[in-house]
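Colleague: One structure, as structure tokens, below. Some questions next.
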């Protein structure tokens, strides 16, 4: 049985929340963009969207312009692994706390604080 494609969910408030956070890679907060995580992760219930289709806005994380472009120029799964970040888990945590600036900043801090 073929599954009908669900329409993309757009959420301007959540995108504004993401853009108000620092980059999860370098902590730059001057040019943060809402970067959609495009790779699938069935553990999180995130299926592949298909070529040229953006995922729901809940699958966004904050990246500066430089890291956002770098994310799209590389194999996305490998790129996130190189940075030690579970991007789908991060996106879900931010979505669950959307609108709470302090909680968002604590989440980003937890992802940017690396253990030696």
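A short reminder: the numbers here are calculations on the coordinates, not readings from a lab. Owing to the predicted nature of the structure, the values given are computational and were not obtained by experimental measurement. In this analysis, Cβ positions are derived from the backbone assuming ideal geometry, glycine residues included, and neighbour counts consider all displayed protein chains.
Colleague: Got the relative contact order for segment 56-115 handy, in percent, Cα pairs under 8 Å and 6 or more residues apart?
Modeller: Details: 24 pairs, mean separation 21.3, N = 60.
Over segment 56-115, the number comes to 36 percent.
Colleague: With labels modelled as points extended 7 Å from the Cα through the Cβ direction, what inter-label distance (nm, one decimal) is found for residue 13 paired with residue 27?
Modeller: So the two model labels end up 3.0 nm from each other.
Colleague: Could I have the simple spin-label model distance between residue 97 and residue 113, label points 7 Å from Cα toward Cβ, reported in nm to one decimal?
Modeller: 1.1 nm
Colleague: Regarding segment 69-116, what are the three Cα extents along the principal axes, ordered largest first, in Å?
Modeller: 31, 26, 17
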